[in-house]
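See below for the structure under consideration.
The values are calculated or read from the model by the stated rules, or taken from the named source; none is laboratory data. Here the structure is a predicted model, which is why all the values come from computation and not from measurement. Note that we place each Cβ from the backbone using ideal geometry, even for glycine, and neighbour counts take in every protein chain shown. These accessible areas exclude ligands, DNA and RNA; they are computed on the full protein's heavy atoms, side chains included. Shrake-Rupley method; radii C 1.70, N 1.55, O 1.52, S 1.80 Å.
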Amino acid sequence: MSKVIVIGAGIGGMSAAARLAKAGHDVTIFESSDRTGGKCRTKWIGNYAFDTGPSLLTLPAVYRDLFLKTGKRIEHVLEIQPVDPAFEYNFADKTKLTFPNLSLKGICDSIESVLGKAAGDEWHNLMQRAEHMWDVSRTPFVESELKSIRSLIAKKGFLSDLRVIAPLLSLRKLTSQYTKNPYLSKIVDRYATYSGSDPRKVPAVLLTIAFVESSFGAWHIKGGIGQLAVALETRCRELGVKFELNSPVTSINHDSKIATGITVGNQTHKADFVVANADAEIVYNKLLSSDLNIVKSERKKLAGSTKSLAGFSLLLGLNNNKLSGPAPKMPHHSIYFPENYDAEFDNIFEKKIPVSEPTIYICVPNDPKMVKGENLEAWSILINAPRHEPGSGWDWNNNSSLYAAKIIAKLDELGLQVSERLEVMEYETPADLENSVGAPGGSIYGTSSNGARSAFMRAKNTSPLKNLFCVGGSAHPGGGLPLVGISAEIVAEAIGKASL
Ligand SMILES: Cc1cc2nc3c(=O)[nH]c(=O)nc-3n(C[C@H](O)[C@H](O)[C@H](O)COP(=O)(O)OP(=O)(O)OC[C@H]3O[C@@H](n4cnc5c(N)ncnc54)[C@H](O)[C@@H]3O)c2cc1C
């Protein structure tokens with residue numbers, strides 16, 4: 001049995017801790033804040049519960065596997081529900097496309113009924129390519145440690161896989177080979193934002209996200225996606241994992257080749273293995289001493305990577321009893337696209353200013369466990385945003401309330417009757433995310449996938465500093481709940497091998 005210290009009680013940290021404790025290790029998690037879950041949280045404000053982080057669960061198999069392998073099946077601890085329709089897409093010219101859940105045929109039929117047969121066929125062909133890409137990329141790029149380009153080249157069938165993945169093609173370019181339909185292109189573009197990126201720059205292989213979402217479904221967890229964090233904490237405690245909350249780790253200790261433990265304030269704690277769930281930028285640039293040469297390559301990669309976009313969230317509690325007529329009917333997930341989608345990416349990544357006509361994502365769970373009272377709706381809204389970079393970029397400490405008011409005015413303009421029934425309103429800026437969970441600049445996903453080499457620019461799961469491992473959204477294979485859960489599996493397996 002080895003002593004393992006985990007830095008951070010985010011989903012990645014707790015998922016790794018549960019797997020390691022189940023394997024017999026003595027695990028302690030040090031968490032800087034007073035709660036677990038990190039970005040994944042359901043927050044009550046008055047009579048309304050909001051998912052302030054993830055509001056969509058995809059690839060639930062990752063967490064089914066985790067709960068099954070660490071104790072009772074997920075169905076015993078969480079009520080996971082498919083969301084139907086999965087998404088409703090609204091365009092500036094009032095065109096509306098509804099994507100049913102878990103049915104490629106249903107999606108194609110729906111597209112065909114609005115945009116014609118050719119568009120339905122184009123989506124079908126795109127998803128065929130996406131499935132092919134998923135088949136060849138899943139094992140080497142997602143489920144395994146990505147060690148080097150050389151290790152991939154050595155793989156049997158590498159050249160034919162390469163043709164499928166088309167690594168030098170951007171998502172936008174690949175889409176244009178299959179469809180010129182502007183509505184479908186916008187929908188595909190949006191999948192780049194699932195990794196905090198720009199569709200004009202991310203590798204074409206991100207098309208797999210669209211395939212994964214439509215084939216394995218869009219899911220909700222009763223009570224809020226934040227219940228995943230609650231269930232994970234419970235599972236960890238059942239397995240004997242110890243939690244030290246309000247304990248910000250100030251350094252990772254080492255003997256210049258091997259990690260030996262951590263320091264919290266003036267207390268040092270020894271460990272055989274350290275698992276860092278804090279953002280990789282913090283791990284390499286703040287927690288490890290600056291003279292540690294062995295991690296130079298990781299620091300260089302991080303410095304050269306583009307950071308993921310950030311988010312401006314609005315939490316709106318709406319009381320429909322305040323309306324004289326019926327409230328507009330909202331699906332669980334809806335998207336309102338602007339006329340000019342490219343302006344959003346120019347503003348965020350180049351000009352570093354808030355988007356004046358942003359895409360608006362609205363999540364309205366039809367979940368009685370997320371409101372206390374009749375005719376109440378809890379809306380979580382996410383607007384893609386530039387990072388919090390006072391001095392060199394946007395400073396979210398200024399004018400954020402004006403931005404919130406502008407978004408609410410836009411929602412009214414869309415006919416959603418928000419102001420009339422508004423009972424609760426809070427907003428969270430990228431600066432708030434940075435302060436609450438230590439996400440540098442408020443980046444949602446660590447580094448973005450912008451650029452053909454982006455997958456290789458993320459922190460490796462196994463650090464060059466022996467016995468240090470990185471887990472979570474800023475490490476391989478990237479951000480979002482499914483990938484974070486996979487990173488925990490990779491790390492637990494690597495520690496299993498290292499402790500033999
Ligand atoms: C607004 C928003 C919407 C999102 N929507 C979705 C979605 O719909 N679907 C989806 O799948 N994903 C979504 N995500 C992404 C998803 O939430 C993250 O990828 C995932 O939760 C990150 O988990 P993590 O393990 O990387 O840890 P994090 O959540 O980043 O947690 C890291 C933990 O480490 C702690 N920590 C940091 N530094 C230290 C230190 N020095 N000492 C001790 N502790 C430390 C932090 O306090 C935190 O608790 C969203 C995220 C946000 C913010």
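Scanning region 408-424 for residues that are aliphatic (A, V, I, L, M), open to solvent by 40 Å² or more (accessible area, probe 1.4 Å) and either closer than 15 Å to Val364 by Cα or free of Cβ contacts under 8 Å to residues at least 12 places away in the same chain (or both) returns Ala409, Leu422.
Show the residue pairs meeting these rules: Cβ distance below 9 Å; 6+ apart or different chains; first residue within region 236-251 and over 17 Å from Gly265 (Cβ atoms) and not assigned by TED's automatic domain parsing to the domain that holds Thr263; second residue open to solvent by less than 30 Å² (accessible area, probe 1.4 Å) and more than 11 Å from the ligand (Cβ to nearest atom). Going by the 9 Å Cβ cut-off, there are no qualifying pairs. Considering only region 116-129, I want to know if a residue exists there that is at pLDDT 90 or above, open to solvent by less than 20 Å² (accessible area, probe 1.4 Å) and either farther than 19 Å from Lys180 by Cα or assigned by TED's automatic domain parsing to the domain that holds Ala23 (or both). The answer is no; no qualifying residue exists.
Summed over region 278-325, residues that are of a type in the set (S, T, N, Q), touching an Asp or Glu at 6+ places or on another chain (Cβ under 9 Å) and not in a loop (DSSP other than H, G, I, E, B) total 4. Select from region 71-84 the residues that are open to solvent by 40 Å² or more (accessible area, probe 1.4 Å) and under 16 Å from Pro331 (Cα atoms) and list them in ascending order. Scanning region 71-84 gives Gln81, Pro82, Asp84. Restricting region 19-34 to residues that are open to solvent by 40 Å² or more (accessible area, probe 1.4 Å) and small (Gly, Ala, Ser), the residue that is farthest from the ligand (Cβ to nearest atom) is Ala23. The set of residues in region 237-266 that are more than 16 Å from Cys470 (Cα to Cα), within 13 Å of the ligand (Cβ to nearest atom) and outside any loop (DSSP other than H, G, I, E, B) comprises Phe243, Glu244, Thr263, Val264. Taken as a whole, the structure leaves Ala492 outside the set of residues that are near the ligand (Cβ under 9 Å from one of its atoms), of a type outside the set (D, E, K, R), buried (at least 24 other Cβ atoms within 10 Å of the Cβ) and not in a loop (DSSP other than H, G, I, E, B).
Quick grid of which residues meet (1) open to solvent by 10 Å² or more (accessible area, probe 1.4 Å); (2) at pLDDT 95 or above; (3) within 13 Å of the ligand (Cβ to nearest atom):
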| site | (1), (2), (3) |
| --- | --- |
| Asn461 | no, yes, yes |
| Asn467 | yes, yes, no |
| Cys470 | no, yes, yes |
| Leu483 | yes, yes, yes |
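Just the residues that are within 13 Å of the ligand (Cβ to nearest atom) and within 23 Å of Arg172 (Cα to Cα), please, taken from region 209-228. Residues satisfying the conditions are Ile209, Val212, Glu213.
Being open to solvent by less than 30 Å² (accessible area, probe 1.4 Å) and touching a Pro at 6+ places or on another chain (Cβ under 7 Å) holds for only one residue in Ile294, Ile225, Ile221, and it is Ile225. Criterion applied to Leu309, Leu316 was being within 16 Å of the ligand (Cβ to nearest atom) and either modelled with pLDDT under 95 or farther than 16 Å from Thr193 by Cα (or both), and the one residue passing it is Leu316. Residues of region 322-336 that are of a type in the set (Ser, Thr, Tyr) and loosely packed, with under 13 Cβ neighbours inside 10 Å: Ser324 alone.
Just give me the residues in region 141-162 being assigned to a helix (DSSP H, G or I) and buried (at least 16 other Cβ atoms within 10 Å of the Cβ), in sequence order. Correct list: Phe141, Val142, Leu152, Asp161. The numbered conditions (1) open to solvent by 20 Å² or more (accessible area, probe 1.4 Å); (2) within 13 Å of the ligand (Cβ to nearest atom) are all true for Pro60 except (1). Scan region 176-184 and give yes if some residue there is over 23 Å from Ala452 (Cβ atoms), in a loop (DSSP other than H, G, I, E, B), open to solvent by 10 Å² or more (accessible area, probe 1.4 Å) and not hydroxyl-bearing (Ser, Thr, Tyr), otherwise no. For region 176-184, residues over 23 Å from Ala452 (Cβ atoms), in a loop (DSSP other than H, G, I, E, B), open to solvent by 10 Å² or more (accessible area, probe 1.4 Å) and not hydroxyl-bearing (Ser, Thr, Tyr): present. Taking into account only those residues within region 425-457 that are modelled with pLDDT of 95 or more and of a type in the set (D, E, K, R), which is least open to solvent (accessible area, probe 1.4 Å)? Top of the filtered list is Glu428. Among residues of region 434-458 that are within 18 Å of Arg299 (Cβ to Cβ), those with a beta-carbon under 7 Å from a residue that is in a helix (DSSP H, G or I) and among the acidic types (Asp, Glu) at least six positions away or on a different chain give the pairs Pro440/Glu281; Pro440/Glu434; Gly441/Glu434. The set of residues from region 35-52 being within 18 Å of Gly317 (Cβ to Cβ) and either within 9 Å of the ligand (Cβ to nearest atom) or open to solvent by 20 Å² or more (accessible area, probe 1.4 Å) (or both) comprises Arg41, Thr42, Lys43, Trp44, Ile45, Gly46, Asn47, Asp51, Thr52. Regarding region 337-353, can at least one residue be identified that is open to solvent by 20 Å² or more (accessible area, probe 1.4 Å), over 16 Å from Thr306 (Cβ atoms) and within 16 Å of the ligand (Cβ to nearest atom)? No, that holds for no residue.
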